[in-house]
1. Looking only at segment A:307-337, which residues are within 26 Å of residue A:215 (Cβ to Cβ) and either among the aliphatic types (A, V, I, L, M) or outside the structural domain of residue A:254 (by TED's automatic domain parsing) (or both)?
2. Among the residues of segment B:318-353, what is the count of those that are touching a strand residue (DSSP E or B) at 6+ places or on another chain (Cβ under 8 Å) and free of Cβ contacts under 8 Å to residues at least 60 places away in the same chain?
3. Just give me the residues in segment B:25-76 being acidic (Asp, Glu) and under 32 Å from the mean Cα position of the chain (by Cα), in sequence order.
4. Please state which of the following conditions residue B:135 fails to meet, knowing it meets all the rest: (1) modelled with pLDDT of 95 or more; (2) farther than 30 Å from residue B:223 by Cα.
5. Which one is nearest to residue A:147 (Cα to Cα), of the residues in segment A:193-249 that are more than 8 Å from chain B (Cβ to nearest Cβ), of a type in the set (S, T, N, Q) and in contact with an Asp or Glu (Cβ under 8 Å, 6 or more places away or on another chain)?
6. Of the residues that sit in segment B:294-315 and are free of Cβ contacts under 8 Å to residues at least 12 places away in the same chain and on the phi < 0 side of the Ramachandran plot, which one is surrounded by the fewest Cβ atoms within 10 Å (Cβ to Cβ)?
7. Out of (1) touching a helix residue (DSSP H, G or I) at 6+ places or on another chain (Cβ under 8 Å); (2) exposed (fewer than 15 other Cβ atoms within 10 Å of the Cβ); (3) modelled with pLDDT of 90 or more, what's the single condition that is false for residue A:28?
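The values are calculated or read from the model by the stated rules, or taken from the named source; none is laboratory data. Computed from a predicted structure; not experimentally measured. Positions of Cβ are backbone-derived with ideal geometry, glycine not excepted, and every protein chain shown enters the neighbour counts.
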There are 2 protein chains.
Amino acid sequence: MSSSVATRRAASQGRIADFNQTVILNAIRRSPDGVSRVELAAATGLSAQAVTNIVRQLLASGLIAEGRRAPIARGKPRTMLNLNPDGQYAIGVHLDPAVITYVILNLVGETLAHASRPTPADPDPELTTREIVAQIEELITETGVSRGKIVGVGMAAPGPIDVDRGVLVDPPNLSGWQSVPLRDAVRDAVDLPVLLDKDVTAAASAEKWQGGGGNFLFFYLGTGVGAGLVLNDEVFRGKTHNSGQIGNMIVSNDGLPCSCGYTGCLGEGSHPRRLVQHGLAVGALDDDVDLDDRLQVEAALVQLADNALTGRAEAIGVMDEMVRGILKGCEDITLLLDLDRIVFGGPHWRTLSPFFTEERFSELYRRHALQSIQPITVSGTRIGEDVGAVGAASLVLDHTFSTNPAVLLAG
Amino acid sequence: MSSSVATRRAASQGRIADFNQTVILNAIRRSPDGVSRVELAAATGLSAQAVTNIVRQLLASGLIAEGRRAPIARGKPRTMLNLNPDGQYAIGVHLDPAVITYVILNLVGETLAHASRPTPADPDPELTTREIVAQIEELITETGVSRGKIVGVGMAAPGPIDVDRGVLVDPPNLSGWQSVPLRDAVRDAVDLPVLLDKDVTAAASAEKWQGGGGNFLFFYLGTGVGAGLVLNDEVFRGKTHNSGQIGNMIVSNDGLPCSCGYTGCLGEGSHPRRLVQHGLAVGALDDDVDLDDRLQVEAALVQLADNALTGRAEAIGVMDEMVRGILKGCEDITLLLDLDRIVFGGPHWRTLSPFFTEERFSELYRRHALQSIQPITVSGTRIGEDVGAVGAASLVLDHTFSTNPAVLLAG
């Protein structure tokens, strides 16, 4: 019994040391202008000696660096401490049904390089996995970062996923990808730790890194729509990491019939394929489109948006109906969860954003039942089209900044 | 500077002492068969001396008691420690538009006494507040508990609420209660600390206390419907404590028109008033009902349920449509948040529960897109009609068991 107590106590002390190191590292991270050891002790309540020891370890590991010396009223000037941007790197890969995006981030979340390639139309996960691996290697070579400083590769993919096994389960818009062990295949090939999480979760994580926490919905517009959630300053994933399925919500009384049996479903009203189909039906597009050809659909969606922007009434009608449905979904999610903001993004956000006008937003504000207590704000993501890949990489960096990261980095 | 550092460090040490005491108290709480000091040290990683000191303080405060002595292989038998059920009490009050319910709980969450009274039909908050105060005093007298051991009074009320000011903002089903400072009025009258939270949040808290955490939806059936949420083992409240507004969700393609402009809204399809109105329209009820008279509506709802149970087709139709709408809402919330269970309860659950049949639940399972990864379970609350009041009292007890309770107990 007593040896077990001793072991547990030692383990507990190890956890406390990790915890204190993380506290210090985050205090430094939150001080972009630098912070001194004395200020760290004051801010954390740790003893001067403990701070000195932890800072020595962090300097030795290269995660932080000493910067300028700040003069003080009397005595030695204090040396300011900063994160060392080149202390660690993380790679992010976003596998979208239309495009695969790659980024490499440094420790302060800056994108050093990015690349994007169309997702192979042929549903061949093995071939695609080989392409992903080759592109990761190219990114490492191109940036010249030291492989030993890469914490790992974060992969974002459409749900549902089996996060424990690192497997795509049965993504509706990626045929051929049923039960593909993507995480471990990439890990074995690149010999770096790899994690897998949902695309909407990664996007929400990127937005949280760059734009702060709070309680917000990241409304993701891709081949499917989805909801990334940050609740109480934390990325929310649900029991199995599959939160954010919203295509089933009914958001219109006169929408399109859906395979689920209802009409007016959010997913049906906002998927590119159905928008194009709708556009063809009402004469908002001139040329015929093979709806089973993803590239044709993508091009037709851009054409549909152009037609609406140049004033073609039928195209404007299709876009208006899409926006109204999506904002009704946002309203329902925001009221359910008492959120304070909505951020739009994802692969199709650039094409569709012109139709999310201030006029439409003010309708949302007017309808919003909590507006008097909790005004909501709406914006597009500042991160742009790399948001999924940046988010995937940020999930890797969470392993540096958190004592208890939510996703296993399988190495 | 150095004095400020010293103050912060002392404050930090105070927080650590509080934290350790809470850790020990919760370890004792989680061991209904008792736990020894040695086991507490092993389980928490705290030193034997620290455990001894904290236990001494907890014994002195009456929160725990020494129980049986457990023999061990050699040496002195160990004294087991338990929560002292009579160490503290909490009062819970649930202000529902139809009924006000009162409970008094002991420290282990057992209900010592309860009472319920119809909510005065006359919208007079001052009169109602006096009634609430009188009923609280009666409960204290009746149970004979020592006033000094009552931690406080928890009040659950329909949203929206202003939790910081302890005010009902503009509850749609409680006319006359706009901006009523309920919390402070009760506090001044009973001279005990009082907190105010939303009814659905209180119900979710009660279910978490009794049935465990996880990720679940408490679907609340009252004069309005609402969603109580427990996410990652914690009661979720949103930014302003007003999460759970779901009456706006569209859950049917052929439902009733709603004042919001859409038809088929969850609230419209499940409020007692609209169910009775629907019943009258389709001939499921014989006698006319004054829809503005709440007591008549309540009675007619019971009659409507009886008519359905005795096989009257029109009444069965009304109930079926209500259940289908509610389960569609549950499906959408469950998929958005990746929950593992749904618990039904609230003032009207007893009347409506017979229509939530296994057949309807299996439809939900069949439709549930995450069922293969995340099977959901559905049940009625085990706490019964006191769930709101029990939950309100449990929010008070959270102040004993948490270092950082979510709601201010204004005293």
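1. Those that are within 26 Å of residue A:215 (Cβ to Cβ) and either among the aliphatic types (A, V, I, L, M) or outside the structural domain of residue A:254 (by TED's automatic domain parsing) (or both): A:322, A:323, A:326, A:327, A:333, A:335, A:336, A:337.
2. Matching residues across segment B:318-353 total 2.
3. Of everything in segment B:25-76, those that are acidic (Asp, Glu) and under 32 Å from the mean Cα position of the chain (by Cα) turn out to be B:33, B:66.
4. Only one criterion in (1) modelled with pLDDT of 95 or more; (2) farther than 30 Å from residue B:223 by Cα is unmet by residue B:135, namely (2).
5. A:205
6. The qualifying residue surrounded by the fewest Cβ atoms within 10 Å (Cβ to Cβ) is B:310.
7. Of (1) touching a helix residue (DSSP H, G or I) at 6+ places or on another chain (Cβ under 8 Å); (2) exposed (fewer than 15 other Cβ atoms within 10 Å of the Cβ); (3) modelled with pLDDT of 90 or more, only one is false for residue A:28: (2).
Rundown of residues vs (1) buried (at least 19 other Cβ atoms within 10 Å of the Cβ); (2) in contact with a Phe, Trp or Tyr (Cβ under 7 Å, 6 or more places away or on another chain); (3) modelled with pLDDT under 90, yes/no style:
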{"site": "A:8", "(1), (2), (3)": "no, no, yes"}
{"site": "A:18", "(1), (2), (3)": "no, no, yes"}
{"site": "A:24", "(1), (2), (3)": "yes, no, no"}
{"site": "A:41", "(1), (2), (3)": "yes, no, no"}
{"site": "A:44", "(1), (2), (3)": "yes, no, yes"}
{"site": "A:59", "(1), (2), (3)": "no, no, no"}
{"site": "A:69", "(1), (2), (3)": "no, no, yes"}
{"site": "A:109", "(1), (2), (3)": "no, yes, no"}
